[in-house]
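Worksheet: the structure to be examined is printed underneath.
The values are calculated or read from the model by the stated rules, or taken from the named source; none is laboratory data. Values in this document were obtained by computation on a predicted structure and should not be read as measured data. All Cβ positions, even for glycine, are placed from backbone atoms using ideal geometry, and neighbour counts span all protein chains on display. Protein only, heavy atoms only, side chains kept; ligands, DNA and RNA dropped before computing areas. Shrake-Rupley method; radii C 1.70, N 1.55, O 1.52, S 1.80 Å.
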Amino acid sequence: DKGRICYIELDNQGNISESEIALETNFHLSYPFLIEDNDELYMIPETMENNRIELYKCIKFPNQWELDHVMMKNVQAVDSTIFKHKGKYWMFSNLRSDSNFSINEELYLFFSESLHGEWISHPQNPIISDIQKSRPAGNIIEANGRIYRPSQDSSIRYGYSININEIIKISE
């Protein structure tokens, strides 16, 4: 009854391999967000059960990962998503706070000079309080000079649907 990060291989003919374990811990893992930085591949899996946001470094893709850095401690966070924009790192994450009952309701934003640096809370946190569009749902996309953030609509049930939200302005 705990998640682990697994992978399958798909060949050119569309054949799918058996599922293999990429990362497993003694606590639940999900949402394996991948990011490349300085020619290294990293993963930020959801580690809410461990009360931390953890950064894993890829030793050998796809199945050898090691804990590289604890990005935040003493936090219940899900679906942390990193976006590098104009030399700064931005982390979007849903956090459970004393004021909300659902982890799906409030989106928080943090910024840092590096993946391994100090993560500073945005002064307007939570930046979104809306179960229909706060929880991240994948990579942030830049296209034609615009920035888009996928989010989950959990108003009916967890992960009911996906929204695409445009980020108009991002700043400290």
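Within segment 19-33, which residues are in a loop (DSSP other than H, G, I, E, B) and either surrounded by fewer than 15 Cβ atoms within 10 Å (Cβ to Cβ) or in contact with a Ser or Thr (Cβ under 7 Å, 6 or more places away or on another chain) (or both)?
Of segment 19-33, the ones in a loop (DSSP other than H, G, I, E, B) are 19, 24-29.
Within segment 19-33, Ser19, Glu24, Asn26, Phe27, Leu29 meet the criteria.
Looking only at residues that are touching a strand residue (DSSP E or B) at 6+ places or on another chain (Cβ under 9 Å) and open to solvent by 70 Å² or more (accessible area, probe 1.4 Å) in segment 34-57, which one is farthest from Gly87 (Cα to Cα)? Before you say what the answer is, go through the steps one by one.
We begin by selecting, within segment 34-57, every residue touching a strand residue (DSSP E or B) at 6+ places or on another chain (Cβ under 9 Å); these are 34-37, 40-48, 51-57.
Adding the requirement that they be open to solvent by 70 Å² or more (accessible area, probe 1.4 Å) leaves 34, 36.
Numbers: Leu34: 18, Glu36: 14 Å.
Checked segment 34-57; the qualifying residue farthest from Gly87 (Cα to Cα) is Leu34.
Applying the selection to segment 62-113, what residues are of a type in the set (Ser, Thr, Tyr) and under 18 Å from Pro45 (Cα atoms)? Spell out how you get there, then give the answer.
Within segment 62-113, the first condition is being of a type in the set (Ser, Thr, Tyr), and the residues that meet it are 80-81, 89, 93, 97, 99, 102, 108, 112.
Residues satisfying the conditions are Ser80, Thr81, Tyr89, Ser93, Tyr108.
Quick check on segment 139-155. Is at least one of its residues aromatic (Phe, Trp, Tyr) and either part of a loop (DSSP other than H, G, I, E, B) or open to solvent by less than 20 Å² (accessible area, probe 1.4 Å) (or both)?
Step one: of segment 139-155, the residues aromatic (Phe, Trp, Tyr) are 148.
The next check asks that each one be either part of a loop (DSSP other than H, G, I, E, B) or open to solvent by less than 20 Å² (accessible area, probe 1.4 Å) (or both); those that pass are none.
Checking segment 139-155: not a single residue is aromatic (Phe, Trp, Tyr) and either part of a loop (DSSP other than H, G, I, E, B) or open to solvent by less than 20 Å² (accessible area, probe 1.4 Å) (or both).
Considering every residue within segment 117-128, establish whether at least one is open to solvent by 30 Å² or more (accessible area, probe 1.4 Å), more than 30 Å from Glu40 (Cα to Cα), part of a strand (DSSP E or B) and touching a strand residue (DSSP E or B) at 6+ places or on another chain (Cβ under 8 Å).
Checked against the condition, which is being open to solvent by 30 Å² or more (accessible area, probe 1.4 Å), more than 30 Å from Glu40 (Cα to Cα), part of a strand (DSSP E or B) and touching a strand residue (DSSP E or B) at 6+ places or on another chain (Cβ under 8 Å), segment 117-128 yields at least one hit.
Looking at Lys88, Lys60, which one is more than 25 Å from Asp1 (Cα to Cα), surrounded by fewer than 19 Cβ atoms within 10 Å (Cβ to Cβ) and in contact with a Ser or Thr (Cβ under 9 Å, 6 or more places away or on another chain)? Before the answer, list the steps.
Details: Lys60 fails: in contact with a Ser or Thr (Cβ under 9 Å, 6 or more places away or on another chain).
None of the others qualify; the one that does is Lys88.
For segment 129-149, enumerate the residues that are in contact with a strand residue (DSSP E or B) (Cβ under 6 Å, 6 or more places away or on another chain) and not basic (Lys, Arg).
Ser129, Gln132, Ser134, Pro136, Ala137, Gly138, Ile140, Ile141, Ile147, Tyr148 - these are the residues of segment 129-149 that are in contact with a strand residue (DSSP E or B) (Cβ under 6 Å, 6 or more places away or on another chain) and not basic (Lys, Arg).
Does any residue of segment 107-115 turn out to be in contact (Cβ under 8 Å) with a residue 40 or more places away in the chain, more than 25 Å from Glu49 (Cβ to Cβ) and among the aromatic types (Phe, Trp, Tyr)?
Yes: segment 107-115 contains one or more residues that are in contact (Cβ under 8 Å) with a residue 40 or more places away in the chain, more than 25 Å from Glu49 (Cβ to Cβ) and among the aromatic types (Phe, Trp, Tyr).
Six or more apart or on different chains, Cβ under 7 Å: which pairs go from a residue in segment 59-87 that's outside any strand (DSSP E or B) to one that's open to solvent by 20 Å² or more (accessible area, probe 1.4 Å) and among the charged types (D, E, K, R)? Could you list them?
As it stands, the answer is Asn63/Glu20; Val75/Arg52; Gln76/Arg96, since those pairs meet every condition given.
Being modelled with pLDDT under 95 and out of contact with any Pro (no Cβ under 7 Å at 6 or more places or on another chain) narrows it down to one residue among Ser102, Ser121, Ser112; which is it? Talk me through it step by step, then tell me what you get.
Working: Ser121 fails: modelled with pLDDT under 95; Ser112 fails: modelled with pLDDT under 95.
One residue alone meets the criteria, Ser102.
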